[in-house]
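**Student:** Attaching a single structure in structure tokens format; questions to follow.
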Amino acid sequence: MSDLLKNEIQNRRTFAIISHPDAGKTTLTEKLLLFGGAIRDAGTVKGKKTGKFATSDWMEIEKQRGISVTSSVMQFDYSGHRVNILDTPGHQDFSEDTYRTLMAVDSAVMIIDVAKGIEAQTVKLFKVCKMRGIPIFTFINKMDRQGKEPLELMEELEEVLGIESYAMNWPIGMGKEFLGIYDRYNKRVEPFRSEGDRFLDIDEDGQLIEDHEMKKTSYYTQAMEDIALLDEAGNDFSIERVKKGELTPVFFGSALANFGVETFLETYLQFAPSPQPRETKEQEEINPIDMPFSGFIFKIQANMNPAHRDRIAFVRIVSGKFERGMNVTLSRTGKSFKLSQTTQFLADDRETVSEAVAGDIIGLHDVGNYQIGDTITSGKKFHFENLPQFTPELFMKVTAKNVMKQKHFHKGILQLVQEGAIQYYKTLHLEEVILGAVGQLQFEVFEHRMKNEYNVEVRMEPIGSKIARWIENEEDVKESMSSGRSMLVKDRFDNLVFLFENEFATRWFQDKNPEIRLYSLL
Ligand code: G4P
């Protein structure tokens, strides 16, 4: 591999932003894209959310295809790095795809709202990142609003998430009294600009002048005391521990006011890892700077427009370089094909790319050939390790409205399950179909696709949220242990699973049947 290509790969940074809805993911993303010159005006990313599409060509693809391409992968260049941001949808869009996206990144940025602290969805996404041991960078947002004490938030990180933290900077006041941040690394104050020029006097080393007004405030004194405490009793900074995901560097700022964002980006680029190697089932390690080209499919996005039945398969490139028109093999089937015109790519020229390298994401036009977790390679055949299965939380009983459509019904379900769109379970004797999902949207997509792609109308009967637990010692399970509150079903591999009504029912069951060893997937 040429030095130029190696360099290109090593300068890639591929990450996802994890946060609870409303913490500021869209706002921060937009600021990052502005720094990278990928968008010209603020409001471009935001527009998508409210359905007001901007008229850039980028959005045009989205409109034509009726799917959300834009928000799925965003790419920009900044100070010698090419940055790929992978979207992790929130709200109702939350689905297994959201989790799987985290399988395709090398690091994560966690945004926390200073007033709310760590919220439910952040915890879920964090767990997946933690399981992979990837570096997590924390941005505590909305410092221009009143919120929790910074030390309290640092404690929350350790207590709720179990990750150690290191404050890279420290706020001086907050809300209306937010005066700036103290950069611990460069040992200097960055004044917050919305205060007019009052606090902007800094000398040529970037230090506050001797009798600076800010130094006379109680907020400054408090911040200096906090920092002294952190220096004394806090964690030490260790890049090795950051890389292992054991220590999270914490930044304070305001995405909306664009304060602290650029410093965050620069520090992130400095410490975040370049594309990482991946293990194969053949127990080989594939290095990004190895040739030939290889990658795996982590997400398949269905086209919600009934006029197009096609889908896009998202590939994370693990090694080498993709070139338009190259021949690749799909390891699962052994089939070879050419990645050419039929392929839709996502990149900064917004329509097609002719080249992409390890760390990048490309989108393949799919007519049903791919499955989640598939490996494609231009060299010898191997298989990347399976993507994990996630514990669903929502369940529905489904039947075909028209009993004559049973064959289509089962075919549709089989394919959608294989594709990773939904999880399949069945009751023990009647074999009624129960579908599991991590987000409500998955059911809606399922219903829509069954109708449009398989011509089957389905009846969906919600059975609510459940706690799914698999069983280590299945041989000890008796059907009499099953009840309305602890329903016994089988998953698609015929493993037994208990669906408990709630935490209480789970504990009740364990008290009564201590010999049964339950476990959850991720
Ligand atoms: P999300 O993608 O994580 O869901 O959050 P988003 O960026 O959409 O931000 C949610 C709300 O929080 C928005 O306000 C946004 O303007 C606001 N916000 C984001 N960052 C900051 C910040 O640093 N300081 C303050 N004060 N607010 C921030 P909204 O009223 O819901 O939307 P909009 O009407 O402003 O678009």
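**Student:** Looking at G43, is it within 10 Å of the ligand (Cβ to nearest atom), surrounded by fewer than 22 Cβ atoms within 10 Å (Cβ to Cβ) and modelled with pLDDT under 85?
**Tutor:** For G43, the condition - within 10 Å of the ligand (Cβ to nearest atom), surrounded by fewer than 22 Cβ atoms within 10 Å (Cβ to Cβ) and modelled with pLDDT under 85 - is met.
To keep it simple, each residue is scored yes or no on (1) more than 15 Å from D106 (Cα to Cα); (2) of a type in the set (A, V, I, L, M, F, W, C).
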position: K215; (1), (2): yes, no
position: Q222; (1), (2): yes, no
position: I227; (1), (2): yes, yes
position: L230; (1), (2): yes, yes
position: G234; (1), (2): yes, no
position: F251; (1), (2): yes, yes
position: F259; (1), (2): yes, yes
position: P275; (1), (2): no, no
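**Student:** What are the residues in the stretch 427-447 that are in a strand (DSSP E or B) and of a type in the set (G, A, S), if any?
**Tutor:** G436, A437, listed by residue number.
**Student:** In the stretch 21-35, which residues are within 14 Å of the chain's Cα centre (by Cα) and surrounded by fewer than 24 Cβ atoms within 10 Å (Cβ to Cβ)?
**Tutor:** P21, T26, T29 - these are the residues of the stretch 21-35 that are within 14 Å of the chain's Cα centre (by Cα) and surrounded by fewer than 24 Cβ atoms within 10 Å (Cβ to Cβ).
**Student:** May I pose another question? Using the structure shown, decide if R507 is touching an Asp or Glu at 6+ places or on another chain (Cβ under 7 Å) and surrounded by fewer than 16 Cβ atoms within 10 Å (Cβ to Cβ).
**Tutor:** It is false that R507 is touching an Asp or Glu at 6+ places or on another chain (Cβ under 7 Å) and surrounded by fewer than 16 Cβ atoms within 10 Å (Cβ to Cβ).
**Student:** Check every one of the helices (runs of 4 or more DSSP H) wholly within the stretch 87-199 and list those with 1 or more residues that are crowded, with 19+ Cβ neighbours inside 10 Å, at pLDDT 90 or above and within 14 Å of the ligand (Cβ to nearest atom).
**Tutor:** 120-132
**Student:** Would you be able to tell me the number of residues in the stretch 206-227 that are of a type in the set (A, V, I, L, M, F, W, C) and within 14 Å of P150 (Cβ to Cβ)?
**Tutor:** Number of matching residues: 3.
**Student:** Hey, another quick one. Can you confirm whether Q418 is closer than 24 Å to F337 by Cβ, touching a residue at least 40 places away in the same chain (Cβ under 8 Å) and either of a type outside the set (F, W, Y) or outside the structural domain of Q10 (by the TED database) (or both)?
**Tutor:** yes
Matching residues to (1) assigned by the TED database to the domain that holds Q406; (2) under 25 Å from Q440 (Cβ atoms); (3) not β-branched (V, I, T):
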residue: V458; (1), (2), (3): yes, yes, no
residue: K466; (1), (2), (3): yes, yes, yes
residue: V497; (1), (2), (3): yes, yes, no
residue: F500; (1), (2), (3): yes, yes, yes
residue: E503; (1), (2), (3): yes, yes, yes
residue: D511; (1), (2), (3): yes, no, yes
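**Student:** Of everything in the stretch 352-374, what is closer than 27 Å to Y454 by Cβ and modelled with pLDDT of 90 or more? Give them in sequence order.
**Tutor:** G373, D374
The values are calculated or read from the model by the stated rules, or taken from the named source; none is laboratory data. As the structure is a computational prediction, the values presented were derived from the model and not from experiment. FYI the Cβ positions are ideal-geometry reconstructions off the backbone, even for glycines, and counts take in every protein chain you see.
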